[in-house]
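Worksheet: the structure to be examined is printed underneath.
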Amino acid sequence: MPFPRTLRAALLAAVVIGCPTLEGLARGDVLPERAEGVADYRISVTLDADKKQLHGHETVTWRNPSTDPVSDLWFHLYLNAFQNSKSTFMKESGGQLRGDELPVDGWGWIAVDSLKLADGTDLKPGFKFQSPDDRNADDRTVASVGLPAAVKPGESIVLDISFTAQLPKVFARTGYVGDYYLVGQWFPKLGVYEPAGLRGRATSGWNCHQFHADSEFYADFGSYRVDFTVPARFTVGATGQRQERKDNGNGTVTYIYAQDNVHDFAWTASPDFVEVKRRFEAAREVSDQEYAAAARQLDRPLDQMRLRDVEVTLLMQPAHLPQVERHLRAIMLSIKSFGLWYGAYPHPTLTVVDPAFGASGSGGMEYPTFITGGTSSLINYRPFTHVNVPEEVVIHEFGHQYFQGMIASNEFEEAWLDEGINSYATGRVMEEEFGPDATLISFLGLRLSGRDLIRLLYSPEARFDTIKQPAWEYMSDSSYTFNSYHRPELMLRTLEHHLGPQQMARAMRTYAERWRFKHPSTEDFLATMNEATGRDLRPLLGPVLYHAAVLDYEVGPVTSTPSKGAPGYFDTPKGRTLTTQEEAEKAAAAQKPTFDTSILLRCRGDRAWPVEIAFKFEGKAPERIWWDGSERWKKFEFHRPEKLEWVDIDPERRLELDVDWLGNARRVEPDRRAAVRLTSRWLLVMQQILTWVGL
Ligand SMILES: [Zn+2]
């Protein structure tokens, strides 16, 4: 919502046109009800549980959303990432991703068996693999096909595709382990034809990247209707709402699921799932006071705050049954918190899958209306019951229903819009639930928050990559993770401290409303935040987003010594007289003692933010002043009766983007610095341990 500028403009307009009341003026963007559908999929697929294969047929209807005729179509064939060791994904990942390894001989692939227009015209002769990102001729994760006639602007084309897929053993989000299946990235899927102007594009064209190690996905909205046939003993879950369950009388069952306004479809099957159903009843889960508080915080009318009921299905592993209530509580909390802050969750269902043992590669993943959690049997037992990881994973993956599910950014090119904003939003929910110091662990005095953890991972190395850059062009896996998840989270937390929680919440709400069911870019985010806050945030955020700028304040030399008086020649009514050093010191000692204090503050990083400085003089309460941070260094000098005790830059540690807080404070008494040095050594040791365990 454009606040406060809109409010000011509305007031002005009301005065100018003589309108006596502001009632009826919109105070926020209206939450879009639906997406403008571009790609609709009707898919029919059968699982061969012996061979771990899929046999599928799909009808794809694609509408040309641009003003140009389009004469080819580009597809993703994601499962070919696992075809062999020469795929781009395998070369980049080395068969390892986030602590998981591709199981031996766990390869998978997808083949397009036939490709026709609805009238039967065979398109297969014009089908060819493409590798737009790295020219790797062995990569088969993207293909294009020429069309006999261009699709005119606004017109649609219907394709008939048959395909076969070999599922990989679970790795990088998809596949099988034993009888557990998590079927994601599994069907031939169109890329996004971006019209000129979308995400700042100069000319229209396909955006269809290869499957990379460090990247997720990007697709257009549409409606999906999928039927899948599996052995009758399986329990299943999928994107969308179940329409039908048909017993085929031959030991198999066909399930039909459908969902509008989504950009992907995933499903799962396993005989072991324990299915738990629970309804999110908005009227019961959210009190009138909570609605009123949220409406006040966001300056929205109450009727824009109302949440909707959601049918929740939790598919749990039997070994994790003691954690059912913890999962359900996290799900309910997510639907409520994200709904109140960023607009109601619009879909009627949510399915949450608890992956099987050995299938962690399929955990912690998001698809529209369908997410996977991540826990372990250890969490059933004390003291691990105090570790909030299952909650964190569920809340984070649910958050993706907003940041990427509805606000469908391009994860290949601007992953932070998805992972970074969602990490910030996840952190807020976790802090509200568990308290700011203990979002991850609180046990026997040990408290660890997500913020502590990411600060430990923060180092000057962060300067080698930027937040906004293609996901496959990071120096390393950890640089991708830091710059896509953690650094944007620190940036947004710092921004929240800068703007204040209310203005930040309002601006984020406006962003979430305006870009729901659309494809925003980093520039769209900046423009929306500027408009919503009425400030130009570009000088603060631009360098962090685009130039890997690092913020690092430190206290330089500090002295606070008794004044030595004023020796030298002085012009007096009696003429020029000399005050010797001894006389000057004597005169100073005769008066109340005074101290000369000098403090040098430095900005070691690439840029500075406005920052608060606290000074503490003996016998006085701490005093605070603001430094706008526009210079590389600043010297403060005082001549006053009290000696300085300490100085502290950003005493509340609100500039979470500051790469190193160890240099932020200094005591004048030198003996106290030993403690600081010890702390710094302890932090370094912790950092090293975390690196070893791969966090
Ligand atoms: Zn994520």
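The values are calculated or read from the model by the stated rules, or taken from the named source; none is laboratory data. Bear in mind that the values here come from a model prediction, so they are computed numbers and not experimental data. Don't worry about glycine lacking a Cβ; one is built from the backbone with ideal geometry, like all the others, and counts go over all protein chains shown.
Computed quantities for the displayed model
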| read-out | value |
| --- | --- |
| Counted residues, region 547-587 - those being over 24 Å from Thr597 (Cα atoms) and of a type in the set (S, T, N, Q) | 2 |
| Residues of region 190-206 satisfying the condition of being part of a strand (DSSP E or B) and farther than 17 Å from Thr67 by Cβ | Leu190 |
| Scope region 336-368; condition on the phi > 0 side of the Ramachandran plot and away from the ligand (no atom under 16 Å from the Cβ); matching residues | Gly343, Gly358 |
| Residue within region 289-307 that is free of Cβ contacts under 8 Å to residues at least 24 places away in the same chain, in a helix (DSSP H, G or I), polar (S, T, N, Q) and exposed (fewer than 12 other Cβ atoms within 10 Å of the Cβ) present | yes |
| Number of the condition not met by Glu311 [criteria: (1) more than 15 Å from Phe398 (Cβ to Cβ); (2) surrounded by fewer than 17 Cβ atoms within 10 Å (Cβ to Cβ)] | (1) |
| Scope region 456-477; condition more than 25 Å from Phe525 (Cα to Cα), in a helix (DSSP H, G or I) and of a type outside the set (D, E, K, R); matching residues | Leu456, Leu457, Pro460 |
| Of all residues in region 380-405 being among the charged types (D, E, K, R) and either assigned to a loop (DSSP other than H, G, I, E, B) or more than 12 Å from the ligand (Cβ to nearest atom) (or both), the one that is nearest to Gly222 (Cα to Cα) | Glu391 |
| Of all residues making up region 478-501, the number that are over 12 Å from the mean Cα position of the chain (by Cα), surrounded by 18 or more Cβ atoms within 10 Å (Cβ to Cβ) and within 16 Å of the ligand (Cβ to nearest atom) | 1 |
| Residues that are within 11 Å of the ligand (Cβ to nearest atom), more than 21 Å from Gly200 (Cβ to Cβ) and either in a loop (DSSP other than H, G, I, E, B) or among the hydrophobic types (A, V, I, L, M, F, W, C) (or both), drawn from region 406-455 | Ala425 |
| Positions within region 465-479 being touching a Pro at 6+ places or on another chain (Cβ under 7 Å) and at pLDDT below 90, in sequence order | none |
| Considering residues of region 347-393 that are modelled with pLDDT of 90 or more and charged (D, E, K, R) only, the residue farthest from the chain's Cα centre (by Cα) | Asp354 |
| Within region 129-176, tally of residues that are in contact with a strand residue (DSSP E or B) (Cβ under 6 Å, 6 or more places away or on another chain), basic (Lys, Arg) and at pLDDT 95 or above | 1 |
| Unique residue being aliphatic (A, V, I, L, M) and without any contact (Cβ under 8 Å) to a residue 24 or more places away in the chain when the list is Val104, Val158, Val112 | Val104 |
| Residues that are away from the ligand (no atom under 15 Å from the Cβ) and assigned to a loop (DSSP other than H, G, I, E, B), drawn from region 369-379 | Thr369, Thr375, Ser376 |
| Ala462 at pLDDT below 85, over 28 Å from Ala549 (Cβ atoms) and of a type in the set (Gly, Ala, Ser) | no |
| Search result, residues across region 49-69 that are within 14 Å of Leu190 (Cβ to Cβ), assigned to a strand (DSSP E or B), of a type outside the set (Lys, Arg) and in contact with a Ser or Thr (Cβ under 8 Å, 6 or more places away or on another chain) | Glu58, Thr61, Trp62 |
| Strands (runs of 3 or more DSSP E) contained entirely in region 99-187, each with at least 1 residues that are over 30 Å from Asp272 (Cα atoms) and touching a Leu at 6+ places or on another chain (Cβ under 9 Å) | 109-117, 127-130, 142-151, 156-166 |
| So Phe443, is it of a type outside the set (Ser, Thr, Tyr) and over 27 Å from Leu298 (Cβ atoms) | yes |
| Number of the exception - Tyr180 against (1) surrounded by fewer than 21 Cβ atoms within 10 Å (Cβ to Cβ); (2) more than 25 Å from the chain's Cα centre (by Cα) | (1) |
| First in region 391-412 and under 20 Å from Ser376 (Cβ atoms), second anywhere and assigned to a loop (DSSP other than H, G, I, E, B) and near the ligand (Cβ under 9 Å from one of its atoms), Cβ under 9 Å, 6 or more apart | Val393/Gly364; His396/Gly364; Glu397/Gly364 |
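Residue-by-condition table, conditions (1) more than 20 Å from Gly240 (Cβ to Cβ); (2) part of a helix (DSSP H, G or I); (3) under 25 Å from the mean Cα position of the chain (by Cα):
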| site | (1), (2), (3) |
| --- | --- |
| Val276 | no, no, no |
| Glu325 | yes, yes, no |
| Ser337 | yes, yes, yes |
| Ala344 | no, no, yes |
